[in-house]
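Written out below as structure tokens is the structure these notes cover.
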Amino acid sequence: MGTRRELSGHTRISTQALTSVARAAAAEAFDVAPSSVRVSWADDAGSLALSVASPISVPSLGAVRQRPERVARTGGTVADRATAAKLGILAQVEHLTGSQLSRVDIRISGIQPTDEGRVQ
């Protein structure tokens with residue numbers, strides 16, 4: 001019956017590691033490359049607040065004119081998707097890093113039009 005002994009010391013996650021995780025989570029939420037996502041951290045009364053600036057991938061206007069239901073299939077309007085992304089990004093960053101975030105602020109910095117069925 002071996003017992004597991006706790007080791008003393010500190011475990012810290014660097015700002016660079018937190019930033020990489022947050023960029024990946026936001027890139028997944030907005031369907032863009034992680035390199036196009038900017039994140040910054042702030043002290044929020046002793047808690048950690050995340051700010052994200054990212055473009056968002058959306059159907060092209062031509063595709064939406066042909067089939068308006070594409071907006072709903074891609075998660076709704078840009079505002080709807082940005083609002084929904086807050087919870088997803090927060091949950092993913094907290095789960096992967098063990099850090100607790102007080103909030104996630106989103107700023108959509110651009111639009112990347114896409115067409116369904118496009119070969120990548």
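Using beta carbons and a limit of 6 Å, which pairs, at least six apart or on different chains, have the first residue in region 17-39 and at pLDDT below 95 and the second one open to solvent by 70 Å² or more (accessible area, probe 1.4 Å) and not hydroxyl-bearing (Ser, Thr, Tyr)?
Filtered contacts from region 17-39: no entries.
So which residues in region 4-57 are open to solvent by less than 50 Å² (accessible area, probe 1.4 Å) and among the aromatic types (Phe, Trp, Tyr), if there are any at all?
Passing the criteria: only PHE30.
Quick one: which residue in LEU7, LEU48, LEU18 is assigned to a helix (DSSP H, G or I) and not acidic (Asp, Glu)?
LEU18
Which count do you get for residues in region 83-113 that are within 25 Å of ALA17 (Cβ to Cβ), without any contact (Cβ under 8 Å) to a residue 40 or more places away in the chain and either β-branched (Val, Ile, Thr) or surrounded by 13 or more Cβ atoms within 10 Å (Cβ to Cβ) (or both)?
Selection size over region 83-113: 3.
The values are calculated or read from the model by the stated rules, or taken from the named source; none is laboratory data. Because the structure is a prediction, the values reported are computed rather than measured. Note that each Cβ is placed from the backbone with ideal geometry, even for glycine, and that neighbours are counted across all protein chains shown. Keep in mind that these areas ignore ligands, DNA and RNA; they rest on the heavy atoms of the full protein, side chains included. Shrake-Rupley method; radii C 1.70, N 1.55, O 1.52, S 1.80 Å.
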